[in-house]
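The values are calculated or read from the model by the stated rules, or taken from the named source; none is laboratory data. As the structure is a prediction and not an experimental result, all values here were calculated from the model. Please note: Cβ atoms are built from the backbone with ideal geometry, for glycine as well, and neighbour counts cover all protein chains shown. To get the accessible areas, we keep the full protein, side chains included, count just its heavy atoms, and leave off ligands, DNA and RNA. Shrake-Rupley method; radii C 1.70, N 1.55, O 1.52, S 1.80 Å.
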Amino acid sequence: MTAKYMQRRYALPVFLLSLALVNGCAMTAAVIGSKTGTKPVFERPAPEYAVEPRNDDAFFPVAQRITRQHGEQASGFRLLDSNEDGLRWRLALIDSARHSIDVQYYLWYGDAAGRLLARHLLDAADRGVRVRLLIDDLNTLLQTAARLSLRDEVAAWLDAHPNIDLRLFNPWSNRDITRRFGESIAELERVNQRMHNKALVVDNRAVIIGGRNIGDEYMGINADFNFHDLDVLGIGPAARQVSTVFDAYWNSRWVMPVSALDLPVSTEERTQGARQLDELLANEVTLERFPLGAINWEQEIQWLDRHLLVGTSEVIADLPAKHNIEQLMLDHINALIKSSQRELLIANAYIIPRKRSIGTLQALHEQGVSVKILTNSLASHDVPAVNSHYKPWRRPIIETGAELYELRHDPAIQQGIVDTAPVRGGFTGLHSKAMVVDRETSYIGSMNFDPRSVAYNTEMGIVIRSRELGEELTRLIERDMQPDNSWRVTIEQNEKLAWTNADESVSRQPARSWWQRVQDVFFRAFPKSLY
């Protein structure tokens, strides 16, 4: 595991582990900091909302056909299974925007994928599209620690565009990482609250929602490792449902306009920054399959229209309140799981269950429901600390009657689905958060099944009712569970666990290295609530 990789994936846990384990105070009024200290509370902008969809946007003909044939509540959907499609369709939506783009992400790295999408957003803003960017302020911590994310100066440069408005969720009072130690001790509860949502909405008509952040490993172009992830693209009312959630965050007291940083950017600096961005992109060999600037996607949209699966949807989300976050996702997810009558398939990257969860699985088994679960193996994990607290639950999960699968770090789907040519990643890790109930109701979103997602992160997802899409999601999850992609974990006659794939069967959990096994033991000493 490279130092760069560990910095990116462990930045928040390692930072928090360095703090004293004290109770934090409630959410305080948002203040900002300069390099020399803090500033007074900024003046909060007036509320602002998503534009109404218009009849001249690029996706109106698609939405009109769906409404005419299936009714006003129906949307068209397409699962974005491959990482290449995850990046390509984001570019397509941004380039096709005519009025507005709303972007909400936990992480937006300043790597090849991040720069490419930023370039396309700038192109959209240049042609008059209103762009609203909402990013978790954890990015500024990662930038300082790993030099890979959104610095205040870069954020100010983007925000300086007259058609771009950038805001940060749960901002640090101190902009210097060395001063954040004290802030974190005093306000641990608040600092621990991060926005894990991932959504891109164009013209309030088209949306991409799911598990992918913005970064090379989520798009298959990281040479160290790449995630196997999942998003869904929706055309129709689903976009407006996501916009309602976006607006709730955008207008909440949890966000700070980047303009409040008071970092002036001259016209010359904007021009120079755009030139440097283009120079960096021109030298990115990993992007050879993608357009570096805006292009016409009309043919792709016509193709999409013929391949959409139609259904109705409901967007579920944790919602910001004045002094806290209403953690609503767990109840939604539990209700969905308990609604299973015949079959439940779960694919989730990070699972640390509770005893209540085991009871739910047991009850489903007694009702005759077939349950299959796919998660990471230690070998495929990017966060061994999660595995440290997941591994004691393997046996209880299997004893409920559920089938348990763990992704291989070298799955057959690595080529073509995970890695994007010409890149070949060092290993594959699971990052998907998906579920399908009775092959009729599908969930795709951001929420992991771990304490952090339940109690600290804000999460969101979409529930889609469509037999066709349910069958498609079932096919994808069952493909990932095949022996050339995953280990089947079982309890043998000798009462020991066994991991079996297409090549071998072993009685010790698979790992990529001895160092992973050391981490797996080490992180067991820390509270599972951190993960």
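Does the range 389-477 come out rounded, prolate or oblate, given a ≥ b ≥ c as the square roots of the eigenvalues of its C-alpha gyration tensor, rounded meaning a/c under 1.5 and, failing that, prolate meaning a/b above b/c? It comes out rounded by the Cα gyration axes. How many percent of the accessible area of the range 247-338 is carbon or sulfur, using a 1.4 Å probe? On the range 247-338, the fraction of accessible area on carbon and sulfur atoms equals 48 percent. With all protein chains kept in place, the per residue accessible area of the chain amounts to 39 square angstrom at a probe of 1.4 angstrom. Bridging of Lys338 to aspartates and glutamates at a Cα separation below 13 Å is possible for Glu366, Asp438, once same-chain residues fewer than 8 apart are set aside.
Of the whole protein surface, Glu52 contributes about 140 Å² of accessible area at a 1.4 Å probe radius.
Summary value for the chain: 18 percent relative contact order, contacts being C-alpha pairs under 8 angstrom separated by 6+ residues.
Remark: for residue pairs Lys433/Lys496; Lys355/Lys528; Lys322/Lys355; Lys433/Lys528, the C-alpha separation exceeds 25 Å in Lys433/Lys496; Lys322/Lys355.
Consider the candidate values [x] 40; [y] 29; [z] 24; state which one is percent of Cα pairs over 38 Å apart computed from the structure displayed. Of the listed options [x] 40; [y] 29; [z] 24, [z] comes from this structure.
For the peptides 508-516, 266-274, 424-432, the ranking by packing is 424-432, 508-516, 266-274, with the highest mean count of neighbouring Cβ atoms within 10 Å listed first.
Rounded to the nearest whole Hz, the Karplus-based 3J(HN,Hα) values (6.51 cos²θ - 1.76 cosθ + 1.60, θ = phi - 60°) of the range 405-413 follow the sequence 10, 10, 5, 6, 7, 10, x, 4, 6, with x at glycine and proline. Rounded to whole numbers, the Karplus 3J(HN,Hα) couplings from phi for the range 211-220 are x, 6, 7, 9, x, 4, 5, 8, 10, x Hz, using 6.51 cos²θ - 1.76 cosθ + 1.60 with θ = phi - 60°, and x at Gly and Pro.
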